[in-house]
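The values are calculated or read from the model by the stated rules, or taken from the named source; none is laboratory data. Just so we're clear, the structure is a prediction, and the values are computed from it rather than from any experiment. Note that each Cβ is placed from the backbone with ideal geometry, even for glycine, and that neighbours are counted across all protein chains shown.
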Amino acid sequence: MKKFKLSLWIFAILMFLRPWGAYAQGIDNLMLDALALYQDGQYKAARQQFKDLSGAAPENDAVWYYLALTEAELGEPYQAITHMQKAVDLDGGNYWYRQRLATLYGYTRNTRKQIEVLEAIKQDFPNKSLTTAYELVNLYIDVKRYDDALAALDEVEKGMGESEETARTRYDLLRNMGREDDAAQALEDYNAIEPSASALSMLGDYYLEAGRDSLALERYSEALRLDPEYIPALLGKTEVYRKGNRTDDYFATMGEFMSSPAVPVSTKSLYINNALKAMDPRYLSQLQTRFDTLVNLAVAAHPTDTTLLQTAGVYCYSTGRPDKAGRFFKMNADLYPDSPRLEAMYEEILSYSGNWAALRERAEQAFQRLGNWQFLEYAANAAYQQKDYQAVIDYSLAKINIADDNQSKASGWTVIGDMYFQMGRKSKAYKAYGKALKLDPDYVPALNNYAYYLAISGGSLKKAAKMAERMIELTSDNATYLDTYAWILHLQKKDAQAKPVYQKVMVYGGRDSAVLLDHYAEVLFALKDYDLARVYWKLAMEKNTGNQVPDLGERYAKREKVMSAAR
C-alpha cells in the first residue's frame, strides 16, 4: 500500500487550531507523546497511544484523525476509514479530514465512495474546487462517467489553462465516448496553439489506425521537425512506409532509427524482436539482407551492449543462420569473459549448431577460467556426440570432485553409468548408478536408467521393477520414465498392466518417439490386440527416420505373419 505522512506545515496548523486549553494537562501530554511517536515512524506504539486517547477523549477529532493516519501507515486502510469518518463527523468543516478520507477510499479502490466524498468537498469548499475537479477527472473516467469527466476537465482548463496533459486527457476521453472525430479535432486545436511532438505523434497514430496514411505521415513528420529523435514518431513513420509497401523509405527511416545513439538500446532490441514475431517470414526472407543491415547498424551504434548483441544473435539464429548467430554470441562472451551467463549462451549456440569440437574446446577453457563445473557438462555433451565416452567419464569425475551438493554428484555418477553401459561394461555401469542412488536415493534419472538397463540386459526384473515403481511415485507425467516402468511390466509378462501405462505414455508425448511407439505395439501384440498393434507399428516406422529402432522393419514383418495367420 502506498504510504503517506502529514506534512510538517499541516501538522503545525492542526496543532494550533485545536483548542488545547479545553483538555486536561494529562491528555495534552499524551497527545504530544503520541504525535512524537507518529512523526518518528513508530506507528505501532503511536497507534496504541491514539487508541488509548480515543477512549479517554472521544470528542477530540484530532485523535481520530491521527489514529486513522497511523493505521494507514500500518497497512490497515479499512480501519483507517472508520476512524477518519469519526474525525469528519466531529469536524466536517475540516478540509484535510475529508481529503484524507477520500484518499483512503482510493487506497481500498472504492472509487464510488471516493467520488462521493470529493463531490461533497467540491461543493463545500469552493476555494478548493479546481484541485478537486482535477482529481475527479480520472475517477469519473474509471467509472465511465464520461460526461461528468468532460465537465470536470472543462473546469480544470478554465481555471488552469489548457496544457498538453489536459489535451491528451480530452483526446482519450472523447475516444472513450466514441467521438473519434471530436477527439482528433481537439488535439488538432491544441497543436495549432502549442505544437507538441507527442501530441502530433498521437494524431499520427490516430490517422494511421483510421487508414489515413498520408495524414498520419504528415503528422509524424511535423513531430520529427519539432524533435528529430522523437521515437514514437519515428516508429510511426516507418509503420506508414511498411503498410504502404514503400520499402526504400521504410529501410531508410529504420536506418536512422537503428543508427541513432539517442534511441535507447532496449527500444531497438524490442523492435527487432517484435519484427521477428510479427512479420511474415517470407517478407523477412525476401528482404533479409536489408534487415541484416538494420541489425548491423544497431550493433555498430552500441558495439558493447550485451542485450543488443544477444538480440542480434537470436535474430540470426531465428532466420536460419546459426554460424552468424554464433559470431554475435561469441562477441558477447569475449567482451565480458568473467560472465558465466554470456559464456553459457555462446556454448548453447555451439551445441545447437552441432559444432562439437569448438564446443568442447571452448567449454574446457571456460572451466579453467571460471571454475564453474557446469562447463564440464557442456564439454561432456560434446565428447558424447564425438563418441568419446571415456572423456565423458573423465569430465563427469571432475564435476563430482568439485560439486558441493549430492544431486549434482548423483547426476555425474548417472552419466558415468550411462557411458559404461555404452561401452559394454555393465558391472561398472551398475556400480556407478549405485553410487548415484547412495548420494540421492530419489534421483529419478539414475532410477530410470539403472532400472531400464538392468531389465533389458537380463538382470533382476524384481530389482528393476522396484526402482521403476519408486520413480513413478516421484514423477508420473514423463513419457520416457513411464515407458521404462511399462516395459519392465511387459518383460514380467504383465502386459495387461502395461497397456494403461502406455496409454499415458502416448498422452505425454510418446507419439513422437519411434522407440516408445514400438514398445506399445509389442505390448498390444502380446495382448493379441493386432489391429491396434498394426496402427502403432506403422506410426513407429514413420517416426523411425533416424533408425532409432534398427530392427523395426524386420521384426514387424515377422509379427505381421503371425497377425495375418490369426485371422
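Within the range 416-438, not a single residue is at pLDDT below 95 and among the β-branched types (Val, Ile, Thr). Each residue in the range 516-555 was checked for being part of a helix (DSSP H, G or I) and either of a type in the set (D, E, K, R) or on the phi > 0 side of the Ramachandran plot (or both), and 9 pass. Against the test of being acidic (Asp, Glu), over 20 Å from ASP249 (Cα atoms) and outside any helix (DSSP H, G or I), the options ASP334, ASP338 yield a single qualifying residue, ASP338.
For (1) under 22 Å from ASP189 (Cα atoms); (2) touching a strand residue (DSSP E or B) at 6+ places or on another chain (Cβ under 9 Å); (3) at pLDDT 90 or above, each residue gets a yes or a no:
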| site | (1), (2), (3) |
| --- | --- |
| LEU130 | no, no, no |
| ASP147 | yes, no, yes |
| GLU157 | yes, no, no |
| MET160 | yes, no, no |
| ARG170 | yes, no, yes |
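Given the condition among the hydroxyl-bearing types (Ser, Thr, Tyr) and over 30 Å from GLN365 (Cα atoms), answer yes or no: does some residue in the range 405-421 qualify? No: the range 405-421 contains no residue that is among the hydroxyl-bearing types (Ser, Thr, Tyr) and over 30 Å from GLN365 (Cα atoms).
Just to be sure before I move on: is GLY417 in contact with a Ser or Thr (Cβ under 9 Å, 6 or more places away or on another chain) and either free of Cβ contacts under 8 Å to residues at least 60 places away in the same chain or within 21 Å of ASP388 (Cα to Cα) (or both) in the structure I sent? Here the answer is no, as GLY417 does not meet what is asked.
Out of the residues in the range 354-371 that are surrounded by fewer than 16 Cβ atoms within 10 Å (Cβ to Cβ) and polar (S, T, N, Q), state the one that is nearest to GLN310 (Cα to Cα). The selected residue is GLN365. The criterion of at least 1 residues that are farther than 27 Å from PHE525 by Cα and of a type in the set (Val, Ile, Thr) is met by the following helices (runs of 4 or more DSSP H) wholly inside the range 427-515: 444-456.
Condition (residue is out of contact with any Gly (no Cβ under 6 Å at 6 or more places or on another chain), assigned to a helix (DSSP H, G or I) and over 20 Å from ARG170 (Cβ atoms)) applied to the range 194-204: is it met by at least one residue? Looking for residues that are out of contact with any Gly (no Cβ under 6 Å at 6 or more places or on another chain), assigned to a helix (DSSP H, G or I) and over 20 Å from ARG170 (Cβ atoms), one finds none in the range 194-204, hence no. Looking across the range 383-396, the residues that are assigned to a helix (DSSP H, G or I) and either among the small types (Gly, Ala, Ser) or surrounded by 14 or more Cβ atoms within 10 Å (Cβ to Cβ) (or both) come down to ALA383, TYR384, GLN385, TYR389, ALA391, VAL392, ILE393, ASP394, TYR395, SER396. Of the listed requirements (1) more than 30 Å from ASP89 (Cα to Cα); (2) surrounded by fewer than 19 Cβ atoms within 10 Å (Cβ to Cβ); (3) of a type in the set (Val, Ile, Thr), VAL143 misses just one: (1). When you look at GLN407, is it surrounded by fewer than 16 Cβ atoms within 10 Å (Cβ to Cβ) and touching a helix residue (DSSP H, G or I) at 6+ places or on another chain (Cβ under 6 Å), yes or no? No, not satisfied. The single condition among (1) within 25 Å of the chain's Cα centre (by Cα); (2) closer than 30 Å to ALA344 by Cα; (3) of a type outside the set (Ser, Thr, Tyr) that ASN296 does not meet is (1).
When every residue of the range 532-545 is checked against the conditions, at least one turns out to be hydroxyl-bearing (Ser, Thr, Tyr), surrounded by 15 or more Cβ atoms within 10 Å (Cβ to Cβ) and under 27 Å from THR475 (Cα atoms). Just one of the listed residues (ALA149, ALA120, ALA87) is buried (at least 22 other Cβ atoms within 10 Å of the Cβ), in contact with a helix residue (DSSP H, G or I) (Cβ under 8 Å, 6 or more places away or on another chain) and over 23 Å from THR166 (Cα atoms), namely ALA87. Of all the numbered requirements in (1) buried (at least 19 other Cβ atoms within 10 Å of the Cβ); (2) β-branched (Val, Ile, Thr); (3) within 24 Å of ALA436 (Cβ to Cβ), VAL505 misses one, and that requirement is (3).
Taken over the range 168-213, the residue count meeting the criterion of being more than 24 Å from ALA152 (Cβ to Cβ), within 32 Å of the chain's Cα centre (by Cα) and exposed (fewer than 15 other Cβ atoms within 10 Å of the Cβ) is 1. Look at the range 357-378: where a residue is within 14 Å of ASP394 (Cα to Cα) and a partner is polar (S, T, N, Q), sitting 6+ places away or on another chain with Cβ atoms under 8 Å, you get ARG360/GLN386; TRP373/SER408; LEU376/SER396; TYR378/SER351. Number of residues in the range 47-78 that are touching a residue at least 24 places away in the same chain (Cβ under 8 Å) and either assigned to a loop (DSSP other than H, G, I, E, B) or not aliphatic (A, V, I, L, M) (or both): the value is 16.
All of GLY106, GLY161 fail the test of being within 26 Å of TYR95 (Cα to Cα) and surrounded by 15 or more Cβ atoms within 10 Å (Cβ to Cβ), apart from GLY106.
Rundown of residues vs (1) acidic (Asp, Glu); (2) touching a Ser or Thr at 6+ places or on another chain (Cβ under 8 Å), yes/no style:
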{"residue": "THR132", "(1), (2)": "no, no"}
{"residue": "LEU139", "(1), (2)": "no, yes"}
{"residue": "ALA151", "(1), (2)": "no, no"}
{"residue": "GLU155", "(1), (2)": "yes, yes"}
{"residue": "ARG170", "(1), (2)": "no, no"}
{"residue": "ARG175", "(1), (2)": "no, no"}
{"residue": "ALA183", "(1), (2)": "no, no"}
{"residue": "ALA186", "(1), (2)": "no, no"}
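Selection over the range 146-167 of residues that are touching a residue at least 24 places away in the same chain (Cβ under 8 Å), over 35 Å from the mean Cα position of the chain (by Cα) and closer than 28 Å to ARG225 by Cα gives a count of 1.
Within the range 243-261, being farther than 25 Å from GLY211 by Cα and loosely packed, with under 14 Cβ neighbours inside 10 Å holds for one residue alone: PRO261.
Here PRO261 passes the criteria (1) under 22 Å from TYR230 (Cβ atoms); (2) part of a helix (DSSP H, G or I); (3) modelled with pLDDT of 85 or more except the one numbered (2). The residues of the range 272-317 that are outside any helix (DSSP H, G or I) and either charged (D, E, K, R) or crowded, with 16+ Cβ neighbours inside 10 Å (or both), listed by number, are ASP280, LEU287, HIS302, ASP305.
Matching residues to (1) in a helix (DSSP H, G or I); (2) over 22 Å from SER196 (Cα atoms); (3) of a type in the set (S, T, N, Q):
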{"position": "VAL137", "(1), (2), (3)": "yes, yes, no"}
{"position": "LYS144", "(1), (2), (3)": "no, yes, no"}
{"position": "LEU153", "(1), (2), (3)": "yes, no, no"}
{"position": "LYS158", "(1), (2), (3)": "yes, no, no"}
{"position": "GLU165", "(1), (2), (3)": "yes, no, no"}
{"position": "THR169", "(1), (2), (3)": "yes, no, yes"}
{"position": "ARG175", "(1), (2), (3)": "yes, no, no"}
{"position": "ASP181", "(1), (2), (3)": "yes, no, no"}
